[in-house]
1. Where is the GNM fluctuation largest for the chain (alpha-carbon springs, 10 angstrom cutoff): Leu81, Leu72, Leu116?
2. How big is the stretch 8-146 by Rg and Dmax over its Cα atoms, in Å?
3. Considering only DSSP states other than H, G, I, E and B, which chymotrypsin sites (Phe, Trp or Tyr not before Pro) in the stretch 1-89 qualify as loop sites with at most 12 other Cβ atoms within 10 Å?
4. Give me the extension gain from Val19 to Arg77: residue separation times 0.36 nm, minus the current Cα-Cα distance, reported in nm with one decimal.
5. For the pair Trp37 and Leu112, how long in nm is the line joining their label points, each one 7 Å along Cα→Cβ?
6. Taking 0.36 nm per residue of sequence separation and subtracting the Cα-Cα distance, how much length would be gained by fully extending the chain between Leu61 and Leu120, in nm to one decimal?
7. Pairs of Cα atoms under 8 Å, at least six residues apart: use those to get the relative contact order of the stretch 1-143, whole percent.
8. Which FRET efficiency, nearest 0.05, do Arg12 and Ala68 yield, Cβ-Cβ r, R0 30 Å?
Amino acid sequence: MTMSVQEQVDIRVTGRRVVATLLDGVVLGLAYGLVAWAFGTVTTSGPYSWTAETSTGPTLLYLLCAFAYFVLFEGHRGQTLGKMVVGVRVVDEQTGQLPGLGKAVIRTVLRLVDGLLGYLVAWIVVLVSARRQRLGDMAAHTLVIRV
C-alpha cells in the first residue's frame, strides 16, 4: 500500500504560515514603498509611520511584480522569502515535488479570496480543513509542509 504525500510529511504548520505571510507582507510593503519613492509620493508622519501613493502605471507595475514574486518563488523553489525564514515549503499534494508555475498561478490568484479581511478567510479555512489547506491550496492541489 502506498502512503500519500500528506501521510509522509508534516502539514501542521499553521503558525509558521501566519508568520511567513506577515514576513512576505513586510517584503511587499517595502517594495511598494520603493516604487512610491521612485515614482510617486511618500509622506512620513513619524519615525515608523508613512504613507505612499503612486499613479496607475507604477501601481500596476508593483502588482505585476507582487504576482510574479509569489508565482516564481513558489513555482520554482516552493518557498517565498517568508516561507524560507520559517522553514515551510509548498509542494504538489500528489507527488510531494515543487508545484510548478501553473499551480503557483492558481494559488496566487486565489490569494484575492484567501486574503479577504486580512487573511481571515485563509486562517479559518486552514484551521477547519483536514489537510491544513487554504482555498488556493485546495484549488491548486498543493500542501504547505515543514522543511
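1. In this elastic network of the chain, the residue with the biggest mean-square fluctuation among Leu81, Leu72, Leu116 is Leu116.
2. 15.9, 50
3. Passing both the DSSP loop test and the Cβ count: Tyr48.
4. Contour length minus the Cα-Cα distance gives 19.0 nm.
5. 3.1 nm
6. Full-extension gain reported as 18.6 nm.
7. Values: 176 pairs, mean separation 34.1, N = 143.
Over the stretch 1-143, the number comes to 24 percent.
8. 0.50
Here, each number is a calculation from the coordinates, and none is a lab measurement. Since we're looking at a predicted model, the values are computed, not measured. Virtual Cβ from ideal backbone geometry, glycine too; neighbours counted across all protein chains shown.
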